[in-house]
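See structure below.
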Amino acid sequence: MSQENKRHFSRVLSSLLMLCVVHGVLGRTPRFPGHQEFRRYTRNLAVVDKIELLKIELKDDRWDGEITASKVLRGTEAQKVASLWRRQTYTSSLAACHEPAYAIKFYSGKRLIAYASVCWSCNSIFFIEPNLHRTQSFAGATKEGSSCPRSFV
């Protein structure tokens, strides 16, 4: 094999190796870009058997606890919503307003796992229970982000 052919072979082999490495890196599960303390209540939400969806009313851009509509989901319906919740694209963006229109409660048995208000104006979630003292952003404009929980109440 001539010196020229060896160099060409070496370049092709290097290119193939780089392609394999890039493909392997791109194929990995994306890192959770949100706040780590939220992960347990978002991407790693425990198994739920009941979800309560609440349409909430704001007065002077604040929620005073008034609920205008609610719906309880159990079994398969609850698990579908929980699965959609886990699949959200969570981001590290900061909330601009948090003027929630909905709230959601997740239950396992009779135990409340998480209770959060959701704002689609700034695409943020504020956990009431547990109180994590700040918001977690999500990609609200995506198909998954725009359908949970608005389409169920």
Looking across the range 27-60 at residues that are in a strand (DSSP E or B) and not basic (Lys, Arg), the single one that is modelled with the lowest pLDDT is LEU58
Contact list, first residue from the range 46-60 and free of Cβ contacts under 8 Å to residues at least 60 places away in the same chain and buried (at least 16 other Cβ atoms within 10 Å of the Cβ), second anywhere and among the basic types (Lys, Arg) and not in a loop (DSSP other than H, G, I, E, B), beta-carbon distance below 6 Å, six or more apart or interchain, is LYS50/ARG74; GLU52/LYS105
### Message
Residues that are among the polar types (S, T, N, Q) and either at pLDDT below 90 or crowded, with 20+ Cβ neighbours inside 10 Å (or both): does the range 61-82 have at least one?
### Response
yes
Those residues of the range 78-97 which are touching a residue at least 40 places away in the same chain (Cβ under 8 Å) and not in a loop (DSSP other than H, G, I, E, B) amount to VAL81, LEU84, TRP85, ARG86, TYR90, THR91
In the range 83-97, anything modelled with pLDDT under 80 and crowded, with 17+ Cβ neighbours inside 10 Å is listed as ALA95
If we keep only residues of the range 98-136 that are within 16 Å of GLU57 (Cβ to Cβ) and part of a loop (DSSP other than H, G, I, E, B), then the residue most open to solvent (accessible area, probe 1.4 Å) is SER121
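The values are calculated or read from the model by the stated rules, or taken from the named source; none is laboratory data. Remember, it's a predicted structure, so these values are computed and weren't measured experimentally. Because the Cβ atoms are built from the backbone with ideal geometry, glycine has one as well, and the counts that use them run over all protein chains shown. Areas reflect the complete protein model, heavy atoms only, side chains present, ligands, DNA and RNA absent. Shrake-Rupley method; radii C 1.70, N 1.55, O 1.52, S 1.80 Å.
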